[in-house]
Amino acid sequence: EEYERKLQKEREEEARMEREKKEQIQKQKEEDRIKEEERQSALHAAEEEAEKEDALKNAHVERAQILMSSLEKVRNEELKQFDSSKSVSRRRLQFKKVVNGKINTLSHEDKKVIEVAGVVVEAVKGAERDDAAQGGEDAVLGMGKKYLLDLLASNLIVRVQADGFNGPRGDGFPLAAMFSSVSTECEELGPVLEAHLYTVCPTAIPILSLPTSKGDENALMESLGMIKDKNGEFESFDKFLHRTEGLISIMADIMSSFPSNHTLLGGRE
C-alpha cells in the first residue's frame, strides 16, 4: 500500500512536470509568435518608410512626367485645332506679333523688360477675356490663352537653343526677367514652361540616365535628349552640350531673376 501511494505520487509529479513542460513550450511559442509579429511589423514599417522616402525623392520625376504627358495631350488634341482653325486666324496673328515681335525688342534696360512683360501680360489677359466671351460658341474659340502660353514657352525654348545664345551679352537675363515678371500675373505659365523644358532637356528634371541592360547606346542618347536629324542621325555631342547649356542656363537665370517674389521654376527657393 505504501508502495502504491509512492508510485501514485511519482506519477502525479511526472504529470505535473509534463504539464509544466508543455506550458513552458506553449509559452515559448507564444513569445516567439509575438516576437515574429513585432519583427514583421517593424519590417513592414521600415518598408513603408523606405517607399515614402523613395516617393519623396522621385516626386519631381513623377511631376515632370505628368507635365510632359499633359503638354503632349493638349498640343495634339487642342492646340492643333486652334493652330489650323480659320476662325481664329486673326487671334493667332496677334499672338505671334507679341511673341515673335515684341519679345525681340528686349534689352538689358529695366524699363524695357517691364514694358515687354506688361505687353505680354495684357495679351494673356486679353486672350482669357476673349476665351470667356467666345468659348461657349465653339470649343476652339476658348483655347486662346492656352495657345498663347504654349507659344511663349515654345519661343523661349527655340531662342535658348540657338547658336550664339548665352554669349558675352548675356541674352538670357532680360528674357528670364520678362518671363519671371509675367509669371507673377499668370501662374499657368509655370507648368507650361516646365513641361517644354523637360521635354527637350530630360537632364533638367533631374534623373540619372543609364544605358539599358544590353548597353544600347541609342537608348542612352535618346534618354539624354539628343536630337536626330531628318536622316535619323544623332546630333553631335558638342551640339547637344551647347543646347543643354542654353536650356540649363535659362533655368538658372529665371531662378535668380527679379522680381524676388516670383515662383517660376521654384523662384529663388
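The values are calculated or read from the model by the stated rules, or taken from the named source; none is laboratory data. Keep in mind it's a predicted model, so treat the numbers as computed, not measured. Counting neighbours? That spans all protein chains shown, and the Cβs are built from the backbone with ideal geometry, glycine included. The area values use the complete protein model at the heavy-atom level, side chains included, leaving out ligands, DNA and RNA. Shrake-Rupley method; radii C 1.70, N 1.55, O 1.52, S 1.80 Å.
Using a ≥ b ≥ c from the Cα gyration tensor of the range 1-74 (square roots of the eigenvalues), is it rounded, prolate or oblate, where a/c under 1.5 gives rounded and otherwise the larger of a/b and b/c decides, a/b for prolate? Note, shape of the range 1-74 comes out prolate. Accessible surface area normalised per residue over the range 16-111 is 81 Å², counting heavy atoms of protein chains with a 1.4 Å rolling probe. Across the chain, the mean sequence separation of Cα contacts (distance under 8 Å, 6 or more residues apart), normalised by length, yields a relative contact order of 18 percent. Shown here for the range 219-262: trypsin sites (Lys or Arg not before Pro) in loop regions (DSSP other than H, G, I, E, B) with at most 12 other Cβ atoms within 10 Å, namely Lys230. Classify the chain from the C-alpha gyration tensor, please: rounded if a/c falls under 1.5, else prolate or oblate depending on whether a/b exceeds b/c. It comes out prolate by the Cα gyration axes.
The alpha carbon centroids of the range 229-244 and the range 99-172 are separated by 27 Å. Comparing Ser85, Ser183, Ser249, which has the greatest mean-square fluctuation in the GNM of the chain with Cα pairs linked when under 10 Å apart? In the Gaussian network model the winner is Ser85.
Computing Rg and the Kirkwood Rh from the Cα coordinates of the range 59-144 gives a ratio, Rg/Rh, of 1.06.
Against the chain, whose longest principal axis comes from its Cα atoms, helix 110-134 is set at around 80 degrees. For the range 52-209, the carbon plus sulfur part of the accessible surface works out to 53%, probe radius 1.4 Å.
By the helix-only formula, in which each DSSP H run with n ≥ 4 contributes -39500 (n - 2.57) and the sum is divided by residues, the chain has a 222 nm mean residue ellipticity of -22500 deg cm²/dmol. For the range 113-209, the extents of the C-alpha atoms along the principal axes are 47, 36, 23 Å, listed from largest to smallest. The alpha-carbon of Lys146 sits under 22 angstrom from the alpha-carbons of these lysines, leaving out residues fewer than 8 places away in its chain: Lys73, Lys80, Lys86, Lys96, Lys97, Lys102, Lys125. Sum up the charges of everything whose Cβ sits under 11 Å from the Cβ of Glu47, counting Lys and Arg as +1 and Asp and Glu as -1, but leave Glu47 out. Net charge around Glu47: -4. The label point for Asp216 and the one for Leu56, both projected 7 Å from the Cα toward the Cβ, are 3.4 nm apart.
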